[in-house]
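Student: The structure is given below, and queries will be raised subsequently.
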Amino acid sequence: MEGISSSAVTNANHVLKKDQRYTNTPYEAQRDFASVFKESMNKVNETQVASDDLTTKLVNGEDVELHSVMIASQKASVTMQATLEVRNKVVEAYQEMMRMSI
């Protein structure tokens, strides 16, 4: 959850509040959105990889605390669920826009 809430929101706020007087061109807005999206997906992936690494260490009998493994697993699960919910909302918004008449 840290990956999505802290860095993605900070980057999104930075993109949105760059300069209130300056209007981004569509290309710049798309580029900014793409960079925020890419960074968010990288953070989700990092939490998944960290969880997998800790789980592998636990299974191999290495010195790792069970509670650390469980916390990492839950963080990975929550970030993935949040990502899927955001994706669902984006798809829903796109479908609603496509249903609009011009």
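The values are calculated or read from the model by the stated rules, or taken from the named source; none is laboratory data. Just so it is clear, the model here is predicted, and its values are computed rather than measured. Because the Cβ atoms are built from the backbone with ideal geometry, glycine has one as well, and the counts that use them run over all protein chains shown. Accessible surface is based on the protein model in full, side chains and every heavy atom, while ligands, DNA and RNA are left aside. Shrake-Rupley method; radii C 1.70, N 1.55, O 1.52, S 1.80 Å.
Student: For V69, state whether it is in contact (Cβ under 8 Å) with a residue 12 or more places away in the chain, out of contact with any helix residue (DSSP H, G or I) (no Cβ under 8 Å at 6 or more places or on another chain), open to solvent by less than 60 Å² (accessible area, probe 1.4 Å) and assigned to a helix (DSSP H, G or I).
Tutor: On the way: in contact (Cβ under 8 Å) with a residue 12 or more places away in the chain: yes; out of contact with any helix residue (DSSP H, G or I) (no Cβ under 8 Å at 6 or more places or on another chain): no; open to solvent by less than 60 Å² (accessible area, probe 1.4 Å): yes; assigned to a helix (DSSP H, G or I): yes.
In short, no.
Student: Something else: Among the numbered criteria (1) touching a residue at least 24 places away in the same chain (Cβ under 8 Å); (2) not in a helix (DSSP H, G or I), which one does G61 miss?
Tutor: Result: G61 passes all but (1).
Student: Are there any pairs with C-beta distances below 9 angstrom linking a residue in the range 76-98 that is under 17 Å from E46 (Cβ atoms) and among the hydroxyl-bearing types (S, T, Y) to a residue that is assigned to a helix (DSSP H, G or I) and open to solvent by 90 Å² or more (accessible area, probe 1.4 Å), with the two at least 6 apart or on different chains, and if so which?
Tutor: Listed pairs, sorted by first residue: T79/E2.
To keep it simple, each residue is scored yes or no on (1) β-branched (V, I, T); (2) open to solvent by 100 Å² or more (accessible area, probe 1.4 Å); (3) over 22 Å from the mean Cα position of the chain (by Cα).
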residue: L54; (1), (2), (3): no, no, no
residue: N60; (1), (2), (3): no, yes, yes
residue: V64; (1), (2), (3): yes, no, yes
residue: T79; (1), (2), (3): yes, no, no
residue: L84; (1), (2), (3): no, no, no
residue: R87; (1), (2), (3): no, yes, no
residue: V90; (1), (2), (3): yes, no, no
residue: M97; (1), (2), (3): no, yes, yes
residue: M100; (1), (2), (3): no, yes, yes
